[in-house]
Each structure stands twice: as C-alpha cells, then as structure tokens.
Amino acid sequence: MRNKKILITGGAGFIGSHVVRLFVNKYPEYDIFNLDKLTYAGNLENLKDIKNAPNYRFVKGDIVDAQFLNTLFKNYKFDAVIHLAAESHVDRSISEPLEFVMTNVIGTVNLLNAARAEWKDDSTKRFYHVSTDEVYGALGDSGMFTEETKYDPHSPYSASKASSDHFVRAYHDTYGLNVVISNCSNNYGSHHFPEKLIPLAINNIKHNKPVPVYGKGENVRDWLFVEDHAKAIDVIFHKAKSGDTYNVGGHNEWKNIDVINLLCKIMDKKLGRPAGESAKLITFVKDRAGHDLRYAIDSTKLQEELGWTPSLQFEEGLERTVDWYLSNEEWLRHVTSGEYMKYYDGQYNKR
C-alpha cells in the first residue's frame, strides 16, 4: 500500500477523526483524504493537530451526492475507502428516519458505485465499511454477538446500518468488489459530540444539569475505547481477507446506571465535590422506543486471526476520557453552542 491514496469518509467525526489521525501519523507514505459533510457532529477542530500534515487533505462533501462522488473518484484515483460517514444517533433516527436512510443507505451505495466504476475489476483496491453491533438486535441475559449472528435491527438507525452492510456484501458477491466489514460495540473517548451517554453525562455533571438515564438504567452495553477501535480498523484494513467480517468489542459490559454512577464518582473527585454530590443529578426519563436491553460483542475472531486486543479496561479509559473533556473546555464550548444542542436539551427537558 505504499504511496496509495486512501479516502476516509466521516473523518471529522468522533471515530473517524481518531482513524484519520492514526493513519496520517502512522503511515506517512499514504495520502489520506478526509471526506466529511461537517454536520453538527463533524468538527475540523478534532483534527487541528494534523491539519498541516503533508499527507493529509480535507474534502468537504456529501456522500448522498452521487455526481460529486463520481467526480471525486475520477480526480483523485483512490486506492481504498474506509467508510465511517453515517448518521448514528438512535434518538434522532426515531424522529427523522428518512435522513438516516439517505446517508447510511443511499450514501453507502453511492460510494460503492463510485468505487466500482473507477476500480473496474482491480482486486487490489479495497472498500472497508465500518458498522455497528446494533444490526444484530438485542441479547438476553447471556450470550454474545458473533460474526454468524443473524441480523435483527430494531431502530431506524440500526435498520439503515443493516441495509448498508447488506449492500456492501452484495457488491462483493455480485461484482467481486474487494470489501471488508466490521461491527463494533459502543465507543467512548475524546472528541465525542455530547449527545451520547458518556459525553452528555460529563458535560451535564460539570454544569450541574440533570443527567438523563433511560428507564431504570438497566440496559447493558459493551464499551470500546475509541483509540482501540481505530487500531482495530488499522489491522482489519491491512490484514483481512476480501469479503470477511470482524466484530470489534471491548469486553467491558456495563449497565447504563453503573456507568453513570462511576462517572459521578470520577467527576466528584476531579471537580473537588463531596462524594455523592454528582449522583444527585441523575434523572430517570421515559425509556426510548425499541430500546434494546443488552449488547455484547465476541471479538475472538479478530483477536485470534489478526492479533488485535483492547488495551484498556473501562475504568482507566473512562478516567482518561473525563480528563480530556475537563482539559478541553474550549472544544466542548464550541460544539455545544450550536442550535442542535439547544434542540437536544429541549427534547430531554420535555421528557
């Protein structure tokens, strides 16, 4: 892959920015192109440390625009795509499902078409599609998702991602496109827009605002440190066989309420508050429609075949995450000052 051009979509977002940074720094022989629409969750401040790197270029654009993508591929002759661009927030998918269909399904198919048209039958080119464990549906009290688990999506978000996964596999089976797919568990870490559980809780605790928890907080998630996920993407991109799929998980199952209670303890310590002070902010709200009870990823295949393992236990990763948010007040102030965050706070206040 020396001297190759790699297109990373959604590279200004949470996970995408970590992947872009890793590839730019680790592979100076690659030319990394970051394609992002810069919605509320895409922020070039996430990448200000590498914006002047000689092997990095940002391109603003929308993957829903097929003509734009076709021109982009013709102009730059990409050798590979790492596709992370997606609408990802389940709450918004419930109120705005068509937006998720357009970006996650139509956008993915547009990328596949542009790649296929430019690459022809060149099997050295690679299309890597990054997806979610939510496509598998929900688990009971035991068991884990494997690469063989049947798809059973329950939200418009997970249905849109399941559809995009199927299209990627169909382009491999029908056209012989060199594709790989990974499905990851819940990510956490720095540069995460504060609409998801952990960054929202950190931000609200800091400002003494209510910390919303759905239902009784009994939903279980497997938490994956975002930098570990970026390293997994690196390994899968370079080593996976065409047509293969890998699950990426952190082996860190936690109930939502236990995550919030741990966060409250960490925040009390970091902010110099009396023990138990932040926990008073916990506010139980009406459960989300179609809220899956439990997710858990079995990443044995990835570990045994490609040699990847998560590096951090959840407690250590969570403390590092809190430290980052408390040390980056300007970043947090910028991303929470927009109209979307006002809307989001209003939605929670209505519940």
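When you check Lys209 against the structure, is it touching a residue at least 60 places away in the same chain (Cβ under 8 Å), assigned to a loop (DSSP other than H, G, I, E, B) and under 28 Å from Leu44 (Cα atoms), yes or no?
So Lys209 passes the test.
Quick one: in the range 77-86, of everything that is out of contact with any Gly (no Cβ under 6 Å at 6 or more places or on another chain) and crowded, with 16+ Cβ neighbours inside 10 Å, which residue is farthest from Ala114 (Cα to Cα)?
Ranking the qualifying residues of the range 77-86, first place goes to Ala86.
Restricting attention to the range 133-144, does a residue exist that is under 20 Å from Ser88 (Cα atoms), in contact (Cβ under 8 Å) with a residue 40 or more places away in the chain and hydrophobic (A, V, I, L, M, F, W, C)?
yes
Run Asp323 past the list (1) touching a strand residue (DSSP E or B) at 6+ places or on another chain (Cβ under 9 Å); (2) modelled with pLDDT of 90 or more; (3) part of a helix (DSSP H, G or I); (4) not hydrophobic (A, V, I, L, M, F, W, C) and report the number of the one that doesn't hold.
(1)
Ser95 fails exactly one of the following numbered conditions: (1) surrounded by fewer than 15 Cβ atoms within 10 Å (Cβ to Cβ); (2) out of contact with any strand residue (DSSP E or B) (no Cβ under 9 Å at 6 or more places or on another chain); (3) in contact (Cβ under 8 Å) with a residue 12 or more places away in the chain; (4) more than 24 Å from Tyr325 (Cα to Cα). What is the number of that condition?
(3)
Might you let me know whether the range 293-301 holds any residue that is touching a strand residue (DSSP E or B) at 6+ places or on another chain (Cβ under 6 Å) and in a strand (DSSP E or B)?
Yes.
With the requirement that a residue be more than 19 Å from Asp79 (Cα to Cα) and either part of a loop (DSSP other than H, G, I, E, B) or polar (S, T, N, Q) (or both), what does the range 1-45 give you?
Matches in the range 1-45: Ala12, Gly13, Ser17, Lys37, Leu38, Thr39, Tyr40, Ala41, Gly42, Asn43.
Being of a type in the set (A, V, I, L, M) and either without any contact (Cβ under 8 Å) to a residue 12 or more places away in the chain or crowded, with 18+ Cβ neighbours inside 10 Å (or both) is true for just one of Val59, Val101. Which residue is that?
Matching residue, one of Val59, Val101: Val101.
Hey, does the range 273-281 have a residue that's in a helix (DSSP H, G or I), basic (Lys, Arg) and closer than 23 Å to Phe225 by Cβ?
Looking for residues that are in a helix (DSSP H, G or I), basic (Lys, Arg) and closer than 23 Å to Phe225 by Cβ, one finds none in the range 273-281, hence no.
The values are calculated or read from the model by the stated rules, or taken from the named source; none is laboratory data. Being a predicted model, the structure only gives us computed values, none of them experimental. FYI the Cβ positions are ideal-geometry reconstructions off the backbone, even for glycines, and counts take in every protein chain you see.
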